[in-house]
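The values are calculated or read from the model by the stated rules, or taken from the named source; none is laboratory data. Note that the coordinates shown come from a computational prediction; the quantities given were computed from them, not determined experimentally. With ideal geometry, Cβ positions are generated from the backbone for all residues, glycine too; neighbour counts draw on all protein chains shown.
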């Protein structure tokens, strides 16, 4: 065996043992230690090369080692100003805010450290808006099958019992409708309803896009009842569906929008944005963040937004999404006894496998035997959310490696 591989395996095993010893056990991690990356490839400590079709769970939209992002990061570090409290202004945050507002078509922004914090801020806007109107115990309608994060507020609007039950009681006043079923939403609206929250494209829930009819119907309900409409685009936004934000395909604008993941391309930054009546719902002192919007993360976010605009990343994602859809359709046709459905658009797609197929085995074999990084979702689904900068050759390489895994399982 190659000496490099042997040394890599030794280092990998040592680090795995140390990780198991020190990390709090909330993840079932795969037995691989990654070390460096370039483009759409990640390398482990033994320098083995992996094709990434998970993008850090839809985070690394520009892939790894983008030149502009790296230069901006280093430049901000050299300035020595990585953090300053939100008692003061900083130029990178203002630049990032201006660009994000322009691309999102919203009016105001608050930068957070993560997606789940963006959800918390969005929920607070909804509750504050209704409080200002005299509705002091407003309720929120969320969707079954949704996933909004793991903090107590975000869990409260997450429509999955296995995430919620161990941590109850959660934030009250939340009721769940059926995704893409407008009548189920209408049935829950009453005098106490203050907001509706939904993902414009459910990712963790199994790769389900909202229909145009559903989005327009929910928008109408909110307009007729003076409710706050919150769209969670933490995973599906930032170009992944072929549009900068998924709602823009249908022109159904929310009152509050949450983003994160690809906004920082790996640097932890998120945001909630408000438009119209939600823009001034909260007052000074209603919300805050120690690290949110600091100069370092906002310098990176600003650079990321520049690349998205100048390189037309959403347009590229739409184009590559066509090739990915064709490739996954071909895989589905090849294994009709294994795969029951193919859903998605752009570069957020999923293959749903039959109930007797263990998706975790496919993901594990792809990683360990084919050096292909995949991630799963609900409903026995493999989620394909690669960096948005992939090319056709990467789609074809993914298909070949996935077929090799499925051939082995079928044999």
Note to self: Can you pull out every residue in the stretch 28-46 that is in a loop (DSSP other than H, G, I, E, B) and under 28 Å from the mean Cα position of the chain (by Cα)?
What the structure shows: 28, 29, 30, 31, 32, 33, 40, 45
Checklist line | Matching option when the condition is assigned to a loop (DSSP other than H, G, I, E, B) and out of contact with any helix residue (DSSP H, G or I) (no Cβ under 9 Å at 6 or more places or on another chain), among 25, 21, 74, 17 | finding: 25
Check: In the stretch 222-253, which residues are over 23 Å from residue 377 (Cβ atoms) and touching a strand residue (DSSP E or B) at 6+ places or on another chain (Cβ under 7 Å)?
Finding: 222, 225, 227, 228, 229
Checklist line | Selection count where residues are without any contact (Cβ under 8 Å) to a residue 40 or more places away in the chain and either within 21 Å of residue 61 (Cβ to Cβ) or assigned to a strand (DSSP E or B) (or both), scope the stretch 342-359 | finding: 3
Notebook entry, point to check: Among (1) in contact (Cβ under 8 Å) with a residue 40 or more places away in the chain; (2) crowded, with 24+ Cβ neighbours inside 10 Å; (3) in contact with a strand residue (DSSP E or B) (Cβ under 7 Å, 6 or more places away or on another chain), where does residue 279 come up short?
Noted result: (2)
Item checked: Test result for residue 308, part of a helix (DSSP H, G or I), within 15 Å of residue 390 (Cα to Cα) and modelled with pLDDT of 95 or more -> yes
Notebook entry, point to check: Taking into account only those residues within the stretch 101-119 that are buried (at least 23 other Cβ atoms within 10 Å of the Cβ) and assigned to a helix (DSSP H, G or I), which is nearest to the chain's Cα centre (by Cα)?
Noted result: 115
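Looking only at the stretch 205-220, count how many residues are over 14 Å from residue 252 (Cβ atoms) and surrounded by fewer than 24 Cβ atoms within 10 Å (Cβ to Cβ). Let's see the steps before the verdict.
Initial filter on the stretch 205-220 (over 14 Å from residue 252 (Cβ atoms)): 205-208.
Filter once more, so that each one left must be surrounded by fewer than 24 Cβ atoms within 10 Å (Cβ to Cβ): 205-206, 208.
Here the count works out to 3.
What are the residues in the stretch 133-169 that are in a loop (DSSP other than H, G, I, E, B), over 23 Å from the mean Cα position of the chain (by Cα) and surrounded by 14 or more Cβ atoms within 10 Å (Cβ to Cβ), if any? Outline the logic, then answer.
Taking the stretch 133-169 and keeping what is in a loop (DSSP other than H, G, I, E, B), we get 133-138, 145-151, 157-158, 160, 168-169.
Next, only the ones that are over 23 Å from the mean Cα position of the chain (by Cα) stay: 133-138, 168-169.
Once the filter is applied, which keeps residues that are in a loop (DSSP other than H, G, I, E, B), over 23 Å from the mean Cα position of the chain (by Cα) and surrounded by 14 or more Cβ atoms within 10 Å (Cβ to Cβ), the stretch 133-169 yields 135, 138.
From the set of residues in the stretch 360-401 that are free of Cβ contacts under 8 Å to residues at least 40 places away in the same chain and assigned to a strand (DSSP E or B), which is surrounded by the fewest Cβ atoms within 10 Å (Cβ to Cβ)?
Applying the first criterion (free of Cβ contacts under 8 Å to residues at least 40 places away in the same chain) to the stretch 360-401 yields 360, 363, 366, 369-370, 376, 380, 382, 393, 400.
Okay, now just the ones that are also assigned to a strand (DSSP E or B), so 376, 382.
Details: 376: 18, 382: 24.
Once the filter is applied, the top-ranked residue is 376.
Given 315, 251, 285, which one is out of contact with any helix residue (DSSP H, G or I) (no Cβ under 8 Å at 6 or more places or on another chain), farther than 30 Å from residue 81 by Cβ and free of Cβ contacts under 8 Å to residues at least 40 places away in the same chain?
Details: 315 fails: free of Cβ contacts under 8 Å to residues at least 40 places away in the same chain; 285 fails: farther than 30 Å from residue 81 by Cβ.
That would be 251, the only listed residue that is out of contact with any helix residue (DSSP H, G or I) (no Cβ under 8 Å at 6 or more places or on another chain), farther than 30 Å from residue 81 by Cβ and free of Cβ contacts under 8 Å to residues at least 40 places away in the same chain.
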Margin query: Just checking, does the stretch 37-49 include any residue being within 18 Å of residue 269 (Cβ to Cβ), touching a residue at least 12 places away in the same chain (Cβ under 8 Å), crowded, with 19+ Cβ neighbours inside 10 Å and touching a strand residue (DSSP E or B) at 6+ places or on another chain (Cβ under 7 Å)?
Written below: no
Checklist line | Residue in the stretch 279-299 that is within 19 Å of the chain's Cα centre (by Cα) and part of a helix (DSSP H, G or I) present | finding: yes
Notebook entry, point to check: Which residues, taken from the stretch 75-92, are under 18 Å from residue 302 (Cα atoms) and surrounded by 11 or more Cβ atoms within 10 Å (Cβ to Cβ)?
Noted result: 75, 76, 77, 79, 81, 82, 83, 84, 86, 90, 91, 92
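Residue-wise test of (1) in contact with a strand residue (DSSP E or B) (Cβ under 9 Å, 6 or more places away or on another chain); (2) within 24 Å of residue 321 (Cα to Cα); (3) modelled with pLDDT under 95.
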{"site": "51", "(1), (2), (3)": "yes, yes, no"}
{"site": "75", "(1), (2), (3)": "no, no, no"}
{"site": "90", "(1), (2), (3)": "no, no, no"}
{"site": "95", "(1), (2), (3)": "no, no, no"}
{"site": "101", "(1), (2), (3)": "yes, no, no"}
{"site": "106", "(1), (2), (3)": "yes, no, no"}
{"site": "113", "(1), (2), (3)": "yes, no, no"}
{"site": "119", "(1), (2), (3)": "yes, no, no"}
{"site": "129", "(1), (2), (3)": "yes, no, no"}
Note to self: Condition first: assigned to a strand (DSSP E or B) and touching a helix residue (DSSP H, G or I) at 6+ places or on another chain (Cβ under 7 Å). Now tell me which residues in the stretch 51-69 satisfy that.
What the structure shows: 51
